[in-house]
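These notes are about the structure you will find just below.
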Amino acid sequence: MVGVAKPRDTRSMRLRLYHHSDGARVAYREVGSGPPLALLHSALLSHQEWAPVAERLAERYRLVLPDLPLHGDSEDRPRHPYTIDWFADVMAGFAAEVLGPRPLLGGHDAGAEILLRAVMTERIEPSKLVLMPNRLHLPVAHRALRGAWRLATLGGSVPGLDRLLSHATRLVFNPKLAERMSERKTPAAGDLLRHAFADVPGNPSLARSWAKCARRWPRGAQTYLLDLYPRLQMPVLLLWADRDPLHSLAGAEETLRLLGNAQLRVLESTGFLMAYDDPVGLARELVAFCG
């Protein structure tokens, strides 16, 4: 059985800021030296998603862990559009300034969707691309659950309700939920959720921003990606969990057949939080692919 490593305390990493052309601020941590490798986390979490693998990866790479806008220490003011194209534009600017040309890039869930949009629109050209579980071109799984989340989030645009909802997140997104997101029920996953939502209660501005994002984030199947897959020239790694209820392995297997230069690797007995379920396996696969 794979041992569970204690997540690295990312407070010891260098904290830096990238300022986008429209004023949006992206906070990121970096550690190590070597070729730059940036990992984009999933929706509602933060750079702490990668804490369990940070130390191992920093031995070979300049590991760069941004907080996506609306997450962690990054921009959360409601003045921005928060469309997926806006996220792609911001992260493309981030990559150009912080990482340089043709970086190594990986993403999970929303982070992977943003990377795919940026690559599709030729705003980013990575040397290698790692796609961890995300919906790809397929319909959203657990549509009723996601629909309920969207409706609750939209309430953040109602004056007075925005502050109430910001406090309600503490009841919903609690450490026990994080343990359920971890197939191996890793206790450290609770700290991940605590960190992600530490500044949410009492922040109506953030509630309004999330309401705007919920209205504008793509809800249907992203079938336009079917045209993108054959055009991807860089090596692609589909690094998947076998027990993620939101992102099926069958979808990754279908996508593999549509990609010209790709491979699929599966981490056994892992759920949504792969980095917490099998940090050794995740780091091993990233190093083997990225070189």
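Determine whether segment 267-274 contains at least one residue that is free of Cβ contacts under 8 Å to residues at least 40 places away in the same chain and closer than 18 Å to Val53 by Cβ. Looking through segment 267-274, at least one residue is free of Cβ contacts under 8 Å to residues at least 40 places away in the same chain and closer than 18 Å to Val53 by Cβ.
Within segment 83-93, is even one residue modelled with pLDDT of 95 or more, surrounded by fewer than 21 Cβ atoms within 10 Å (Cβ to Cβ), in a loop (DSSP other than H, G, I, E, B) and in contact with a strand residue (DSSP E or B) (Cβ under 7 Å, 6 or more places away or on another chain)?
No - not one qualifying residue is present in segment 83-93.
Considering segment 1-33 alone, what residues qualify as being modelled with pLDDT of 85 or more, of a type outside the set (Asp, Glu) and buried (at least 16 other Cβ atoms within 10 Å of the Cβ)?
Pass one, segment 1-33, residues modelled with pLDDT of 85 or more: 13-33.
Okay, now just the ones that are also of a type outside the set (Asp, Glu), so 13-21, 23-29, 31-33.
Matches in segment 1-33: Met13, Tyr18, His20, Ala24, Arg25, Val26, Ala27, Tyr28, Arg29, Val31, Gly32.
If you filter segment 259-274 down to residues that are surrounded by 24 or more Cβ atoms within 10 Å (Cβ to Cβ) and out of contact with any Asp or Glu (no Cβ under 6 Å at 6 or more places or on another chain), you find that the one that is farthest from Met234 (Cα to Cα) is Leu273. Of all the criteria given as (1) among the charged types (D, E, K, R); (2) surrounded by 15 or more Cβ atoms within 10 Å (Cβ to Cβ); (3) modelled with pLDDT under 95, the one not satisfied by Asp278 is (3). Residues that are touching a Phe, Trp or Tyr at 6+ places or on another chain (Cβ under 7 Å), in a helix (DSSP H, G or I) and at pLDDT below 75 were ranked within segment 166-181; the one that is farthest from Ala43 (Cα to Cα) is Arg170. The set of residues in segment 232-242 that are within 15 Å of Leu282 (Cα to Cα) and touching a residue at least 40 places away in the same chain (Cβ under 8 Å) comprises Leu237, Leu238, Leu239, Trp240, Ala241.
From the list Leu138, Leu63, Leu105, exactly one residue is part of a strand (DSSP E or B), more than 12 Å from the chain's Cα centre (by Cα) and either at pLDDT below 95 or not acidic (Asp, Glu) (or both). Which is it?
Working: Leu138 fails: part of a strand (DSSP E or B); Leu105 fails: more than 12 Å from the chain's Cα centre (by Cα).
Answer to the selection: Leu63.
Residues in segment 239-291 that are within 18 Å of Arg180 (Cβ to Cβ) and over 19 Å from the mean Cα position of the chain (by Cα): Ser269 alone. Would segment 241-253 turn up any residue that is touching a helix residue (DSSP H, G or I) at 6+ places or on another chain (Cβ under 7 Å) and buried (at least 18 other Cβ atoms within 10 Å of the Cβ)? Looking for residues that are touching a helix residue (DSSP H, G or I) at 6+ places or on another chain (Cβ under 7 Å) and buried (at least 18 other Cβ atoms within 10 Å of the Cβ), one finds at least one in segment 241-253, hence yes.
The values are calculated or read from the model by the stated rules, or taken from the named source; none is laboratory data. Just so it is clear, the model here is predicted, and its values are computed rather than measured. As a convention, Cβ positions derive from the backbone with ideal geometry for all residues, glycine included, and neighbour counts pool all protein chains shown.
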